[in-house]
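The values are calculated or read from the model by the stated rules, or taken from the named source; none is laboratory data. Predicted, not measured: the structure shown is a model, and the values here were computed from it. Note that each Cβ is placed from the backbone with ideal geometry, even for glycine, and that neighbours are counted across all protein chains shown.
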Amino acid sequence: MTNSKTFGARLTIDLDAIVENYKLLRGTFTGEECAGVVKANAYGLGADHVAPTLYQAGCKTFFVAHLNEGIALRGILPEADIHILNGPLPGSESYFAEHRLVPVLNSLGAIEAWKHFAQSQNGRNIPPSDIHLDSGMLRLGLPPDEINRLIQEPERLDGVTVNYFLSHLACATELENPLNQQHLESFLSDVKILPETKKSFCGSSAIFIGPEFHFDLARPGAALYGINPLPGRPNPMRQVVRLQGKILQVRDVDTPQTVGYGATHRVTRKGKIATVAVGYADGFFRSLSNCGCGYVGDIRVPIVGRVSMDLITLDVTEVPEQQLQTGRLIDLIGPHYDIDAIAEDAGTIGYEVLTAMGSRYERVYSSNNG
Ligand SMILES: *Cc1c(COP(=O)(O)O)cnc(C)c1O
């Protein structure tokens, strides 16, 4: 069943590259500790492989979004610190205690509920919590009026052990965006008057903006997986994924004809079209119709016609016949066409390309460290 002959496409995930990326981030970060963000199944790459690899590389703190993801991760990493970004929903508090998960408290209401839960436990060991201050993202976290109330009524934190005050930047991928400085100042002015606690402010991109954004704990995700933290500049990260689809059929075309649904591509000269076993049901974006590409060795082969559910068609006219046998692999994400390049052609970001990758791919984890 798991024989690679049974799959139409192969996704290779380079665990050594993830480790190198972690080490680069940790080396660039000037604070105390670099965590790993493994939400959404480690950005689609498989938390069951990625998280233990990071743990072995020295990463002891992890962030996920949902409680559910944290419970699963606890089963994989019995000793790690696991933080839940979305925080507790009403009635879910006991699961945090049972699985020793750190909730990120995103509102005064959440702080109140957590405190109430802790008091109801009669001295039972309760995990510490983080408090998320919204410094301008307007998404999760205490809004400014709630932060002010917390400052005026510090007793709201009595009996609550706070690990970190955290915040998150809205425009960290844009080095020069003045909002970064503005959000930093807002965070600084809040934490100055709140009780002295460790702080966590940066994801992947902010690590590269500068040390004033670092504080105590970094929370990178994307850069671990090879996404360029500073788009438009050279990518300091190693590529992690390679996606290869298998050739199912090659057609010689010598009369004018159209390719695929909607007849959106017209072949006008003598050429060859290869049909490859990857489609939008695999998370291969339909917006790559007539605009993405693959590579056979060093030869670029453009996607022609629409991406359909299970198939794409590529113009392989330039490729020598002997490289086009049925079953041969064509690179769809790889050394010549990386995660950011395909995302740009698809009209999205690398994050979405990674997390969209479906379950039909054969997943191969490569590592030289066993
Ligand atoms: C997803 C997320 C991160 C990780 O961001 P990357 O850009 O992937 O490094 C960090 N902090 C919070 C609050 C997040 O939601």
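Could you list all residues from the range 214-240 that are surrounded by fewer than 24 Cβ atoms within 10 Å (Cβ to Cβ) and either farther than 21 Å from Thr355 by Cβ or away from the ligand (no atom under 12 Å from the Cβ) (or both)? Scanning the range 214-240 gives His214, Asp216, Gly232, Arg233, Pro234, Asn235, Pro236, Arg238, Gln239. The residue that is nearest to Glu174 (Cα to Cα), among those in the range 232-288 that are in contact with a helix residue (DSSP H, G or I) (Cβ under 6 Å, 6 or more places away or on another chain) and among the aromatic types (Phe, Trp, Tyr), is Phe285. Inside the range 118-169, residues that are over 25 Å from Ala80 (Cβ atoms) and assigned to a helix (DSSP H, G or I) make up a count of 15.
Which count do you get for residues in the range 321-343 that are assigned to a loop (DSSP other than H, G, I, E, B) and of a type outside the set (Gly, Ala, Ser)?
Final tally of qualifying residues: 7.
If you take the residues of the range 173-184 that are of a type in the set (S, T, N, Q) and part of a loop (DSSP other than H, G, I, E, B), which of them is nearest to the ligand (Cβ to nearest atom)? The residue in question is Thr173. Looking only at the range 262-279, residues that are assigned to a loop (DSSP other than H, G, I, E, B) and more than 27 Å from Met357 (Cα to Cα) come to 3 in all.
Regarding the range 2-21, can at least one residue be identified that is of a type in the set (Phe, Trp, Tyr), at pLDDT 95 or above and not assigned by TED's automatic domain parsing to the domain that holds Ser200?
Scanning the range 2-21, I find at least one residue that is of a type in the set (Phe, Trp, Tyr), at pLDDT 95 or above and not assigned by TED's automatic domain parsing to the domain that holds Ser200, so the answer is yes.
Search the range 276-292 for residues being in contact with a Lys or Arg (Cβ under 8 Å, 6 or more places away or on another chain) and surrounded by fewer than 21 Cβ atoms within 10 Å (Cβ to Cβ), and hand back the single one that is farthest from Glu344 (Cα to Cα). Filtering first and then ranking leaves Ala277.
Exactly one residue out of Phe187, Phe201 is farther than 24 Å from Lys23 by Cα, in contact with a Ser or Thr (Cβ under 8 Å, 6 or more places away or on another chain) and either more than 16 Å from the ligand (Cβ to nearest atom) or not β-branched (Val, Ile, Thr) (or both): that is Phe187. Looking across the range 38-78 at every residue that is within 12 Å of the ligand (Cβ to nearest atom) and among the aromatic types (Phe, Trp, Tyr), the one that is farthest from the chain's Cα centre (by Cα) is identified as Phe62.
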